[in-house]
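Next up is a structure, given as structure tokens.
The values are calculated or read from the model by the stated rules, or taken from the named source; none is laboratory data. For clarity, every value in this text was computed on a predicted model and none was experimentally measured. Ideal geometry is used to build each Cβ from the backbone, glycine not excepted, and the neighbour counts take in all protein chains shown. For the accessible areas, the whole protein counts, side chains as well, though only heavy atoms, and no ligand, DNA or RNA atoms are used. Shrake-Rupley method; radii C 1.70, N 1.55, O 1.52, S 1.80 Å.
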Amino acid sequence: MTDPNRSAGNRIAAWIAHGIAIVGCGLLLYAVGQPIFTDDLWWHLSLGRAFAAHGPWLDTDPLLFAAAGPPRPASWLADVALHEASRWGGFTLLRVAHVASVGAILWIAWRMLRRASRSAAFASVGVLAFVALAAFRLVQLRPELATIALALACHVLLISPRTLSPSRIVGFATLAGLWANLHAGFPLALLIPGAAIAGLAAAYPLRSDDDRRADLARARGLVLATIAGGVATLANPLGIHAHLAYFVAGGETPELSRISDEWVPTTLFTLPAMPQQPSPTSWALAWAMVIGLGGVLFAAWRASRRASHATGSSHRVDPAALGVALLAVAMWLSAVRFLWLGLFALLVLACFWRDDRLRFASPVLAALILTGFLQQGDWPAITRALPTTWPVYAEPYPTGKYSTHAIWLMDDADVRGNLHGEYFLGGFVGYWLAPDVRTLVNGTLNVPRGTLDEMMSLGARRGARPGERFPALLDRLDLDLFLGTRLPETRPLARRFPSTTRHLEDTPGWIPIFRSPTTALHLRQNARNAENLARVSRYYAEQGVPFDDTRGFDPAIVLERAPEWAVRHGVVPLPFARLAHRAHHGTPGRSAAARQRVAAIYAAL
């Protein structure tokens, strides 16, 4: 007989857990919808524009001037879709579609957990854990979202059901063929059923006769699905070579492990530190799932030893799902970007959840996970630039982050050539200026192996080879333009992101063509750039802005003779005129503060 007090307690605990999960998912969706957060989106949009115009087989890289070869069309279909969405609906449609996609992923994850555990409370706790593990991936508008969504769909089609119908196999093959054109993560479509087959094979000696017959039938269906999916994935622009992308990376191009927020291993025996990936909360959840899966393996083995397959706890352990969960562990241990696969581990652990025994656990676990996510999870990283007012939130992207005034000046003046800028700026520059202006590197990493080391040398203002000096490195890289960024800082963060605004001051052969407190754009003075210099001079003359063909852009003179242009184009902050007036005519206290602010702006320039 059911205890009514216990049932009421379960319902109350479940509703508290649901409320906490709604808060956590709502906060994530708010962060997802912020002004464009993803640096890589810009080169995806640019390549999508090129693929839409010329097809997936490009002869040269339209964004990089020293590319290792044509860009790989690994996500060409997703890139075209992103480009078309931006063309028809602008950045607003991109952001709405992003929020809708992440919302759908969260809903599917909740439904999967609900079905596996038969507990809505566990589903809410589990989806919060998924948020904590996957937030850094979900908040980025990239084709990787397709991999996350399709991996979940693959599990629903092949792993959740105990029998596979022909329609499911055909549906999976169709999904796999589409996946191979959306994102380079499509090998997961073959790894997931392969891991399920391995799980069934490993469990075979421990299973009852009835279970073995069912497992053999299930394994045959999974083999057929894997074969059908493997054939379908060959229908992509690279054919079989697309399957080898991960293994050839780092041969002629930089190693993937150089991208520290994606490809570094998840080391369980090393305490994590903010803001590096994984976050302490993700690390703790990874440990919890590893320990939990260990407990599941032990329980299954113990039940098999007692020959209690029919009535013991092992009947709740699906060996196919367990194989996929162990694949997830192996993948997140190999690279932090795969932590979202922890959902598959949660689906196995869901079988051991019992509301009547853990009626007060769900709200406590939900609260702990949400608190960890907000304080020691991905939340601080994904919200470091989150707007606090609606007008700023409604802007399409953070203009200050991307040195937009310098980039738009190159566009307005019709400047052309090879540009060095920060790694994260490469995609943005390519979106607005390519192919007239191409950068040294961007997030595609389609560059020779040593290029990232040369980028680091440029940031440190030194040569990259023994005995090489900084100006010689600029010459060897054949640069026409140098975009320096950031104010000088003494904080530890400055060692990772150095200021480069002063790198070319008083450097022979280079002339400043734009300056702001946080941006310095220089042009090489040589015969090849004579027309570029003429274009810049004509532009400034048309704008009524003083510019000297020999000395270049002098912000002090520009402030004196063209103050409105200087404010409008970011040479000084918008309130500069008010500050300058207050410095001369304000009350003593306010005047002193304004003078200090104006002096700081001049010092930065």
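Answer yes or no as to whether residue 452 is part of a helix (DSSP H, G or I) and open to solvent by less than 60 Å² (accessible area, probe 1.4 Å).
Taking the combined requirement at face value, the residue satisfies it.
Further, regarding this structure: Among the residues of region 201-229 satisfying the criterion of being of a type in the set (Lys, Arg) and part of a helix (DSSP H, G or I), which is modelled with the lowest pLDDT?
Per the stated criteria, the residue is 212.
For every residue, the table says whether it meets (1) assigned to a helix (DSSP H, G or I); (2) buried (at least 18 other Cβ atoms within 10 Å of the Cβ).
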position	(1), (2)
82	yes, yes
86	yes, yes
89	yes, no
98	yes, yes
103	yes, no
114	yes, yes
121	yes, yes
124	yes, yes
142	no, yes
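For region 418-435, what are the residues that are over 18 Å from residue 401 (Cα atoms) and crowded, with 21+ Cβ neighbours inside 10 Å?
434
Follow-up. Can we say residue 68 is crowded, with 18+ Cβ neighbours inside 10 Å, modelled with pLDDT under 95 and either touching a Ser or Thr at 6+ places or on another chain (Cβ under 9 Å) or under 29 Å from residue 380 (Cα atoms) (or both)?
yes
Let me ask something additional. I need every pair where a residue in region 421-432 that is on the phi < 0 side of the Ramachandran plot and without any contact (Cβ under 8 Å) to a residue 60 or more places away in the chain has its Cβ under 8 Å from the Cβ of a residue that is part of a helix (DSSP H, G or I) and open to solvent by 40 Å² or more (accessible area, probe 1.4 Å), sequence separation at least 6 or different chains.
What qualifies is 432/408; 432/411.
Next question, about the same structure. If a residue has to be part of a helix (DSSP H, G or I) and among the β-branched types (Val, Ile, Thr) to count, how many in region 126-140 make the cut?
Adding up the residues that qualify gives 2.
So, in region 230-249, exactly how many residues are open to solvent by 60 Å² or more (accessible area, probe 1.4 Å), under 13 Å from residue 186 (Cα atoms) and assigned to a helix (DSSP H, G or I)?
Looking only at that region, the number is 5.
Among 392, 447, 415, which is the only one that is farther than 19 Å from residue 497 by Cα, modelled with pLDDT under 95 and either among the acidic types (Asp, Glu) or surrounded by 24 or more Cβ atoms within 10 Å (Cβ to Cβ) (or both)?
Among 392, 447, 415, only 447 is farther than 19 Å from residue 497 by Cα, modelled with pLDDT under 95 and either among the acidic types (Asp, Glu) or surrounded by 24 or more Cβ atoms within 10 Å (Cβ to Cβ) (or both).
Now for a different question. Give the residues of region 196-248 that are among the β-branched types (Val, Ile, Thr), more than 22 Å from residue 55 (Cα to Cα) and in contact with a helix residue (DSSP H, G or I) (Cβ under 7 Å, 6 or more places away or on another chain), sorted by residue number.
Matches in region 196-248: 197, 223, 226.
Of the residues in region 19-45, how many are of a type outside the set (Val, Ile, Thr), part of a helix (DSSP H, G or I) and closer than 17 Å to residue 92 by Cα?
Of the residues in region 19-45, 7 are of a type outside the set (Val, Ile, Thr), part of a helix (DSSP H, G or I) and closer than 17 Å to residue 92 by Cα.
While we're on this one: All but one of (1) of a type in the set (D, E, K, R); (2) touching a strand residue (DSSP E or B) at 6+ places or on another chain (Cβ under 7 Å); (3) on the phi < 0 side of the Ramachandran plot; (4) in a loop (DSSP other than H, G, I, E, B) hold for residue 438; which doesn't?
If we test residue 438 against (1) of a type in the set (D, E, K, R); (2) touching a strand residue (DSSP E or B) at 6+ places or on another chain (Cβ under 7 Å); (3) on the phi < 0 side of the Ramachandran plot; (4) in a loop (DSSP other than H, G, I, E, B), just (4) comes out false.
Mind listing just one residue for me: the one in region 158-177 that is assigned to a helix (DSSP H, G or I) and in contact (Cβ under 8 Å) with a residue 60 or more places away in the chain and, of those, farthest from residue 326 (Cα to Cα)?
Across region 158-177, the extreme among qualifying residues is 158.
Run down 185, 177 and say which single residue is in contact with a helix residue (DSSP H, G or I) (Cβ under 9 Å, 6 or more places away or on another chain), at pLDDT below 95 and surrounded by 19 or more Cβ atoms within 10 Å (Cβ to Cβ).
Testing whether each residue is in contact with a helix residue (DSSP H, G or I) (Cβ under 9 Å, 6 or more places away or on another chain), at pLDDT below 95 and surrounded by 19 or more Cβ atoms within 10 Å (Cβ to Cβ) leaves just 185.
Could you figure out which of (1) open to solvent by 20 Å² or more (accessible area, probe 1.4 Å); (2) within 22 Å of residue 146 (Cα to Cα); (3) touching a Gly at 6+ places or on another chain (Cβ under 8 Å) isn't true of residue 164?
Going through (1) open to solvent by 20 Å² or more (accessible area, probe 1.4 Å); (2) within 22 Å of residue 146 (Cα to Cα); (3) touching a Gly at 6+ places or on another chain (Cβ under 8 Å) one by one, residue 164 breaks only (2).
Still on this model: For residues that are open to solvent by 40 Å² or more (accessible area, probe 1.4 Å) and touching a strand residue (DSSP E or B) at 6+ places or on another chain (Cβ under 9 Å), scanning just region 554-567, find the one that is nearest to residue 510 (Cα to Cα).
Among them, the one singled out is 554.
Another question about this same structure. For region 10-56, enumerate the residues that are at pLDDT below 95, open to solvent by 40 Å² or more (accessible area, probe 1.4 Å) and of a type in the set (Phe, Trp, Tyr).
15, the sole residue that qualifies.
While we're here: Mind listing whichever residues of region 338-353 are in contact with a Ser or Thr (Cβ under 6 Å, 6 or more places away or on another chain) and open to solvent by 10 Å² or more (accessible area, probe 1.4 Å)?
Result: 353, single match.
State yes or no: is residue 361 open to solvent by 20 Å² or more (accessible area, probe 1.4 Å) and at pLDDT below 90?
yes
Among the residues of region 395-410, are any modelled with pLDDT of 95 or more, in a loop (DSSP other than H, G, I, E, B) and open to solvent by 70 Å² or more (accessible area, probe 1.4 Å)?
Checked against the condition, which is being modelled with pLDDT of 95 or more, in a loop (DSSP other than H, G, I, E, B) and open to solvent by 70 Å² or more (accessible area, probe 1.4 Å), region 395-410 yields no hits at all.
Does residue 457 count as open to solvent by less than 10 Å² (accessible area, probe 1.4 Å), modelled with pLDDT under 95 and either out of contact with any Pro (no Cβ under 9 Å at 6 or more places or on another chain) or polar (S, T, N, Q) (or both)?
For residue 457, the condition - open to solvent by less than 10 Å² (accessible area, probe 1.4 Å), modelled with pLDDT under 95 and either out of contact with any Pro (no Cβ under 9 Å at 6 or more places or on another chain) or polar (S, T, N, Q) (or both) - is met.
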